[in-house]
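Read the structure below first, then the notes.
Each value in this text was obtained by applying a stated rule to the coordinates, not by laboratory testing. Just so it is clear, the model here is predicted, and its values are computed rather than measured. For neighbour counting, all protein chains shown are included, and Cβ atoms are generated from backbone atoms with ideal geometry for every residue, glycine included.
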Amino acid sequence: MKVLLIDINARVINHWAKGLGNLLKSGEVSIHNGSLESFEPNGLLKSIVSPGNSFGFLGGGFDLAIQEYFGGSLFERYVRYKLMHSYVPVTNCTVIPLNQFSRDQFQYLLHIPTVVTPVVPDYDRRDPVHSGYRIVFDVTWNALHFPPSETEQLVLPGLCTGYAGVPIPIACKAMCFAIRLFYLKSILSQDLINTMIMCFMGYQYEPFISEDCLMECQKVGIDWDTMHRFNPHEDPLDSILPSGY
Ligand code: ADP
Ligand code: NA
Ligand code: NA
């Protein structure tokens, strides 16, 4: 599955471009600086992420663009019906087939609340790791793992970079880390991936980290102490990722 990142905000675009390592060159990930409406169909079967709210209204930000793209207020009614008009906690992913609303090879909507309601941001600048990096990582991780297997390209905007109010450098760094880990699953053990996630979020817990993991780190060129001490707010992503990825 390929990833297409799309956003109207040039700052979001710049932070993605800096944080994605080799994924742009290799073609796994591409970036579109522009609106959803200006996006050119490319023949790939697609799922699109709606960075929504817990009640399924599509009245603002990228959700509004999605609503307008797929049929207006009738589409919002359809999405809320599919969510059973029920409360959905932040970061939960609901896969909604677009069915009669499908166009331009978009087949599924992945609805993931990034806010309960847009009234007040959850982001707390005294605790960026847990109120910023972790939330955005979790939303991105779900976006990458929930698309049905026929999805050839996952389309997503900046997550938590609008109404959710996470500072753009923080949100983009967490998105880039989740995307890079997703593609590293083919070369790293699940154990090491899990350990990297613990370290990124500040939940290093020795009993959950295996001896093999330390050896694997050495093999792929990750410095164990650097990873163990990693703080996403201070350290570059490249310092906990294998060199060349
Ligand atoms: P969140 O609640 O997760 O912050 P928003 O929908 O408010 O989600 O914003 C997410 C991102 O969508 C922002 O980075 C914003 O620049 C981008 N965005 C908003 N409208 C559009 C659009 N029409 N096309 C492309 N990107 C958009
Ligand atoms: Na949102
Ligand atoms: Na939105």
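Summary table below
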quantity: Residues of type aspartates and glutamates that Lys46 reaches as a straight line, Cα spacing below 16 Å, ignoring anything fewer than 8 places off in the same chain; calculated: Glu28, Glu37, Asp104, Glu150, Glu152
quantity: Helix-only CD estimate at 222 nm, as mean residue ellipticity for the chain, using -39500 (n - 2.57) per DSSP H run (n ≥ 4); calculated: -10500 deg cm²/dmol
quantity: Cα-based helix-to-principal-axis angle, 211-220 vs the chain, degrees rounded to 10; calculated: 80
quantity: Fully extended contour minus Cα-Cα distance, from Lys82 to Arg125, at 0.36 nm per residue; calculated: 12.0 nm
quantity: Residues Ala10 and Val116, FRET efficiency given R0 of 35 Å [Cβ-Cβ distance, rounded to 0.05]; calculated: 0.75
quantity: Per principal axis, descending, Cα span of segment 2-183 in whole Å; calculated: 39, 37, 27
quantity: Estimated FRET transfer efficiency (Ser38, Gln190; beta-carbon r; R0 35 Å; 0.05); calculated: 0.35
quantity: Set of lysines near Lys18 by C-alpha distance (under 17 Å), chain-local residues within fewer than 8 positions excluded; calculated: Lys173
quantity: Relative contact order of the chain, pairs being alpha-carbon contacts under 8 Å that are 6 or more residues apart, as %; calculated: 23
quantity: Segment Ser210-Phe55, length gained on full extension (0.36 nm per residue, minus Cα span); calculated: 51.7 nm
quantity: Paramagnetic reach from Leu74 (point 7 Å along Cα→Cβ, amide N under 15 Å) across segment 99-113; calculated: 99-103
quantity: Inter-centroid distance (Cα atoms) of segment 1-79 relative to segment 93-127, Å; calculated: 10
quantity: Set of lysines near Lys185 by C-alpha distance (under 17 Å), chain-local residues within fewer than 8 positions excluded; calculated: Lys2, Lys219
quantity: Longest exposed-site-free window of the chain, the sites being GluC sites (Glu not before Pro) in a DSSP loop that have at most 12 other C-beta atoms within 10 Å; calculated: 1-149
quantity: Förster-model FRET efficiency, 30 Å R0, Arg229 and Leu64, C-beta, rounded to 0.05; calculated: 0.10
quantity: Trypsin sites (Lys or Arg not before Pro) within segment 113-149: DSSP coil, no more than 13 neighbouring Cβ in 10 Å; calculated: Arg125, Arg126
quantity: Whether segment 188-245 is rounded, prolate or oblate, judged on the alpha carbon gyration tensor where a/c under 1.5 counts as rounded; calculated: oblate
quantity: DSSP-defined antiparallel bridges as percent of all bridges, the chain, nearest 5; calculated: 15
quantity: Inter-probe distance in nm under a simple model that places probes 7 Å from Cα toward Cβ, at Gln100 and Leu45; calculated: 2.3
quantity: Extended-chain gain in nm, criterion 0.36 nm per residue less alpha-carbon gap, Val220 and Leu24; calculated: 68.4 nm
